[in-house]
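A quick write-up on the structure given underneath.
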Amino acid sequence: MRGIVISPKFEVFGTIIGFGFTGIEGLDLRKYLMYWDKLDFPNNNALSIDSTPDIDFLEKCGVLQRTFIQTKGSLEKAFPEAQLSAFRKNNKKAPGSWSLAQSTPKLNLLKEDAEKSRVLEVELYQCLPVPTEDVSLDQILEFKQRRNDELLEFRFLMDKLYQDTIEAGDFERARTHNIELLQKKIVDIDRLMNESMISRIKTNLSANIDISDIFMNSIAGATAGATAGAFVFGMPNLGALAGFASSFVKLGLSVSLKPKDLPEGLRDYAYLYHAKRELG
């Protein structure tokens, strides 16, 4: 089981965080529902965000929960505090099974709850198929039930990509082979969604994976000479034929905030949805 703690769209203005009060946007919700087993949209005592019909429906289905967090900070800090608290609570019950999701280009955490870390970033650019907002949640759940093996394999390949990148003696071979497998699986999922008459768009997804210092020298050496310490791979020919002509998979090193005291065994702690971000 993989879960994700989600947040509404928000903007950061210096030290102030401005949230929307309309819940989770429809496209974001469908992405989370398609690729994760369990969603948590936490609520809190200071800044409560009402449920929507979609949220209520997923709660009744047992797919979504709303962990209530008693916050102690100021109003503008209420939701970041609640999201991280829910993340920690869920991982205490199921260590290493939960991640965070935000809609910003960089992970936003309260200063007192975060620390900087070197991370391996895997970015899927304009290639992850996500149902459009007019696709019913029922249809997505039915698709997941029928095509669970394919979705599990996609998740396995994401895990294997960064695990082999970190641990393999042959960095070059590990990343090239695994990215090719991941790209083919993305094309397979897109084809299956098309066969199921699910309208969809290609979106971006960025996964930040915490890297232990013991691996840093080998990875840094392997990425030396690449632009900004990153490798960028275009989709293979079969992907271009399926409408992925402008899609890329990017693999590289960066510096990111991470929650303090990550649960043991948790690597993929942050998934970010970049609605309009260009590949940099």
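Within segment 64-77, residues that are assigned to a loop (DSSP other than H, G, I, E, B) and open to solvent by 50 Å² or more (accessible area, probe 1.4 Å) sit with their Cβ atoms under 8 Å from residues that are at pLDDT 85 or above and charged (D, E, K, R), at 6+ positions apart or across chains, in these pairs: Lys72/Glu81.
For Lys89, the criteria (1) open to solvent by less than 60 Å² (accessible area, probe 1.4 Å); (2) modelled with pLDDT of 85 or more; (3) in a helix (DSSP H, G or I); (4) of a type outside the set (Phe, Trp, Tyr) hold in every case but one, which is (1).
Within segment 107-116, can one find any residue that is under 25 Å from Ser196 (Cβ atoms), out of contact with any Lys or Arg (no Cβ under 8 Å at 6 or more places or on another chain) and surrounded by fewer than 19 Cβ atoms within 10 Å (Cβ to Cβ)? Among the residues of segment 107-116, not one is under 25 Å from Ser196 (Cβ atoms), out of contact with any Lys or Arg (no Cβ under 8 Å at 6 or more places or on another chain) and surrounded by fewer than 19 Cβ atoms within 10 Å (Cβ to Cβ), which makes the answer no.
The values are calculated or read from the model by the stated rules, or taken from the named source; none is laboratory data. Given the structure is predicted, the values throughout are model-derived calculations rather than measurements. With ideal geometry, Cβ positions are generated from the backbone for all residues, glycine too; neighbour counts draw on all protein chains shown. With ligands, DNA and RNA removed, areas are computed over all heavy atoms of the protein, side chains included. Shrake-Rupley method; radii C 1.70, N 1.55, O 1.52, S 1.80 Å.
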